[in-house]
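Below you'll find the structure, written out as structure tokens, and then a few comments.
All of the numbers you see were taken from the coordinates with simple rules; none came from a lab. All of these numbers come straight from a predicted model, not from anything done at the bench. Cβ coordinates were reconstructed from backbone atoms using ideal geometry, including for glycine residues, and neighbour counts include every protein chain displayed.
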Amino acid sequence: MRGIASTALILMTTASLGWSQTSQSAASYFNRAMERSAQGDFAGAIQDFNGAVAFDPKLVAAYCNRGIARYKKGDLDGALRDYNKALELEPRSAESYNNRGIARLAKGDVDGALDDYTRAIELKARYGAAFYNRANLLQGRGNLDEAIADFTRAIKADPLMAVAYNNRGIARSENGERDGALADYTKAITLDPKLDLAFNNRGIARQSMGKIDEAIDDFSRVIKINPQFAVAYYNRGTAHVMKRDFNAAIKDYCRAIEIDPQFAQAYANRGLVLLRLGRSSDAERDLAQSRRLSPALRLSLEERIRKIKEETEGK
């Protein structure tokens, strides 16, 4: 199974400068808006940013941060208007370019997002967030070498960015650099011991290297951090199958399905284990459900079923 990247891109807030040139009323609205944003009250924050720009229509930070609040509310067009206004007032705002890139990507404008991240980096050479965001975009396009280079630059700018190590690990793994990927996942875990994605990805890497017990330990750590992480149960179940601990595997697949009833691959693998154990009726129910949920699994399942039947009949 492929590793899981952190898909959360990094939005950057902007602190206002030169309050001496800004009315006290605008400053009061702005400060309260920032507090509301930090508390997750984006609707209230937008109202207060509106008040700030009503008193000071040239307050760049209010437009940039209102754009973030609108993005968080799902108002991508409103966010883009705010970032455009911020850039009209301050064309050298790296934060506004970075944030507009995120909104453009969410709208499906991949080329526009790439241009914005690149412009942010041109304006701010050690801009870790922009390097990280651009790296994720490049990785999604399959430009692995460029993505790895950008993740490395993000880490150089911010050596404590655990998610950059995690995502670079995935890019390295896809690029055939297994040892480098393993080292990156381990570093991510060192920096953030609660980063469940990094434990999961290290478990996948260890499993691919034949280190099954260590992989099981990692998947168990994921589950301890996040008991609702269905993929971790699935991965641990697969590791148990490799150790031929079929009862433990079934238990993990059951839990994965309980958490995510649409998890087609978990039904498939549980069905295959049941087939190995001679529970044909139960197996067929699971395999049929997996095919209903994901018709694309049909061909690969048929081959795996054939092999299991040959193994069991040959005994």
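Provide the FRET efficiency to the nearest 0.05 for the Glu214-Lys194 pair, computing r from the beta carbons and using R0 = 25 Å.
0.80
To the nearest µm²/s, what D does Stokes-Einstein give for segment 175-292 at 37 °C and 0.692 mPa s, using the Kirkwood radius over alpha carbon pairs as Rh?
225 µm²/s
Nearest 10 degrees is fine. How inclined is helix 60-72 to the longest principal axis of the chain, computing both from alpha carbons?
Helix 60-72 sits roughly 30 degrees off the main axis of the chain.
What is the sum of charges around Ala283, taking Lys and Arg as +1, Asp and Glu as -1, for the other residues whose C-beta is under 11 Å from the C-beta of Ala283?
Summing Lys/Arg as +1 and Asp/Glu as -1 gives +2.
Working from Cα positions, state the angle (0 to 90°, nearest 10) between the long axis of helix 280-293 and the longest principal axis of the chain.
Taking Cα atoms only, the helix is inclined about 30 degrees.
At 0.36 nm per residue, and after removing the present C-alpha to C-alpha distance, how many nm does the segment from Asp115 to Asn31 gain when stretched out fully?
27.1 nm
Mind grabbing the base-10 log of I(q)/I(0) for segment 231-315 at q = 0.21, 0.22, 0.27 Å⁻¹? Debye formula, identical points on the C-alpha positions, no solvent, two decimal places.
Each listed q maps to, in turn, -0.95, -1.04, -1.44.
Report the label-to-label distance for Glu284 and Arg244 in nanometres (one decimal), using points 7 Å from each Cα along the Cα→Cβ vector.
2.8 nm
Each label point is 7 Å from the Cα along the Cα-to-Cβ direction; what then is the distance between the points at Lys107 and Lys73, in nm?
Calculated label separation equals 1.7 nm.
Compactness ratio of the chain: Cα Rg over 2.2 N^0.38 Å, N = residue count?
It is 1.24.
In whole angstrom, note down how far apart the Cα centers of segment 257-300 and segment 136-162 are.
Cα centres, segment 257-300 to segment 136-162: 37 Å.
When the helices in the chain are scored as -39500 (n - 2.57) per DSSP H run of 4 or longer and the sum is shared across all residues, what 222 nm value do you end up with, to the nearest 500 deg cm²/dmol?
After summing the helix terms and dividing by the residues of the chain, the value is -24000 deg cm²/dmol.
Helix 144-157 sits at what angle to the longest principal axis of the chain, using alpha carbons and giving 0 to 90 degrees rounded to 10?
Helix 144-157 and the main axis of the chain meet at about 50 degrees.
Residue by residue through segment 183-195, which ³J(HN,Hα) values in whole Hz follow from phi under the Karplus form 6.51 cos²θ - 1.76 cosθ + 1.60 (θ = phi - 60°), with glycine and proline marked x?
3J(HN,Hα) across segment 183-195, in whole Hz: 5, 5, 4, 5, 5, 4, 5, 4, 6, 9, x, 9, 7.
Which trypsin sites (Lys or Arg not before Pro) in segment 159-200 pass both tests, a DSSP loop state and at most 15 other beta-carbon atoms within 10 Å?
Lys194
Could you give the length gained by full extension between Lys58 and Arg81, i.e. 0.36 nm per residue of separation minus their alpha carbon distance, to one decimal place?
That pair, Lys58 and Arg81, stretches by 6.8 nm at full extension.
Neighbour counts of other C-beta atoms within 10 Å: give me Ser280, Ser294 arranged from fewest to most.
Ser280, Ser294
Working out 0.36 nm times the residue gap between Glu88 and Gln39, then minus their Cα-Cα distance, what length gain in nm do you get to one decimal?
The Glu88-Gln39 span can extend by a further 14.8 nm.
Using bins 5 angstrom wide from zero, how does P(r) for segment 124-246 break down, in % of all Cα pairs?
It works out to 2, 14, 20, 20, 19, 13, 7, 3, 1, 0, 0, in whole percents.
Quick one: order Arg270, Arg92 by neighbouring beta-carbon count within 10 Å, fewest to most.
In order of increasing Cβ crowding within 10 Å: Arg92, Arg270.
Pairs of Cα atoms under 8 Å, at least six residues apart: use those to get the relative contact order of segment 154-220, whole percent.
Result for segment 154-220 is 25 percent.
Report the label-to-label distance for Ala296 and Thr152 in nanometres (one decimal), using points 7 Å from each Cα along the Cα→Cβ vector.
Distance between label points: 3.2 nm.
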